[in-house]
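The values are calculated or read from the model by the stated rules, or taken from the named source; none is laboratory data. Treat the numbers as computed from the prediction; the structure is a model and nothing was measured. Quick reminder, even Gly has a Cβ in these numbers, built from the backbone with ideal geometry, and neighbours come from all protein chains shown. We work out accessible area using only protein heavy atoms, side chains counted, and drop any ligands, DNA or RNA first. Shrake-Rupley method; radii C 1.70, N 1.55, O 1.52, S 1.80 Å.
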Amino acid sequence: MTQRQKALLSCAVAAALLLSGCRKGSSNSGSMSSSNAMSGSSGSASTTQTGGWKTGLGILTEASDEARTGTIHTIAAAVLLDGDGKLADVMLDELEVEVTADGKGVVTMPTDYRTKRQKGGDYPLAAASSLKKGWAEQADDFADYLTGMTPEQASMLETDKDGKAVDADLLSGCTIRVDKYRDAVAKACTNASALGAAKGDRVSLGVEAENASSDITATDDKDVNAEVDLTVVALTLDADGRVTSAIGDMAEPALTIAADGGVTAPDTVRSKLELGDSYGMRNASSLGKEWYEHSEGYCSYLKGKTEKEVADIPADGSDADLAALCTISIDALQKAAGDAFENASL
């Protein structure tokens, strides 16, 4: 179609709409004032602006075992997709937990459960890096590289046999392995939904991990489950630092240690959101809700709140408005949300 044809068509459409409006205005039935018409138009535009923006969270947790050593490795990605479905913002984090046992079944759990982003300069990558850049700086460069891509383009990012990028532009700012980061981002994009984020928002990510093991010695009669509880929260924040959307998830990966010190890792680790109704909380819940529904209630309660307002939410269940939405323990979710706020300010 030529430009002239497009112009004529636009004029015809405008005339038809004007005529339709006149007919409605002259009718007693279904009429509306011009101010209401403008209000309705504005609301539609607002819906168009914000409705297409989506927030997503992707968590990849793998457990492995070798002799008397086991490892729990988690990568988390938070994404913000714009109205065209392209990546507008990305944040990543990574956690590695190693558990060991001796020949008598005595288990040694780590004392440091900080993620690579939380460790900052304590994670010794900058000194060994050819770029002299730390983990967070390289991970953020990778995130920036993905910005503007479609989820499909991001998922097809080419890597070599070591999982590192092959694109020279990306390698100029990021030489760490990125294949798993790419996969976590792809998962977050698949999970993404319209939760209230809008143009101008930014996404942030918080991760909390803690030792959830009660026993430290396996016996012939009882194995030890070396469990690490992981809590992840993705937030989108507007220019005033208020929450526009939130997603909370948890995982409980555990390694099994036998009396002889042998370590066995689970084949798969699924988060509570991934488990969905199969997690089995509904019948035990006073609200008749599954875990993911409690999490959704908590996350919806965060919307519109600042960092201080979120931090001031009591974790003892005394907030009646929150208790009507969510009755699970929110301690870890609160900590992860606090981490997300802190990461957004860095």
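At-a-glance table
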quantity: Per residue, in Å², the accessible surface of segment 54-344 once ligands and nucleic acids are set aside, probe 1.4 Å; calculated: 46 Å²
quantity: Contour minus Cα-Cα distance for D277 and K164 (0.36 nm per residue); calculated: 37.0 nm
quantity: Chain lengthening between R114 and D240 when straightened (0.36 nm per residue, less Cα-Cα); calculated: 42.5 nm
quantity: Gain in span if fully extended, Q153 to A320, counting 0.36 nm per residue against the direct Cα distance; calculated: 55.6 nm
quantity: Among 207-219, 239-251, 155-167, the order from most to least packed when residues are scored by Cβ within 10 Å on average; calculated: 239-251, 207-219, 155-167
quantity: Spin-label pair S193/L131, simplified geometry with 7 Å Cα→Cβ offset, distance in nm; calculated: 3.5 nm
quantity: Accessible area (Å², 1.4 Å probe, nearest 10) - D201; calculated: 20 Å²
quantity: Accessible area of the chain belonging to carbon and sulfur atoms, whole % at 1.4 Å probe; calculated: 49 percent
quantity: Total charge dipole magnitude, the chain, about the Cα centre, Cβ charges on Lys, Arg, Asp, Glu only, Debye to nearest 20; calculated: 2140 debye
quantity: Approximate spin-label separation D215-T306, in nm, with each point projected 7 Å along Cα-to-Cβ; calculated: 5.0 nm
quantity: Reach of K199 by Cα under 14 Å, taken over aspartates and glutamates that are not fewer than 8 positions away in the same chain; calculated: D82, D84, D89, D238, D240
quantity: Within straight-line cross-link reach of K222, lysines at Cα separation under 25 Å, skipping those fewer than 8 residues along the same chain; calculated: K104
quantity: Cβ-Cβ FRET estimate between D331 and K222, R0 fixed at 35 Å, reported to 0.05; calculated: 0.80
quantity: Partners for K308 among aspartates and glutamates (Cα-Cα distance below 12 Å; same-chain residues under 8 apart left out); calculated: E342
quantity: Max mean-square fluctuation residue, GNM over the chain, Cα-Cα springs under 10 Å, options A320, A332, A76; calculated: A320
quantity: By average C-beta atoms within 10 angstrom, highest first, the peptides 227-233, 122-128; calculated: 227-233, 122-128
quantity: Rounded D (µm²/s) - segment 54-344, Kirkwood Rh over Cα pairs, Stokes-Einstein at 4 °C, 1.567 mPa s; calculated: 65 µm²/s
quantity: Projected-area mean, segment 226-346, by convex hull of Cα positions, square nanometres; calculated: 9.4 nm²
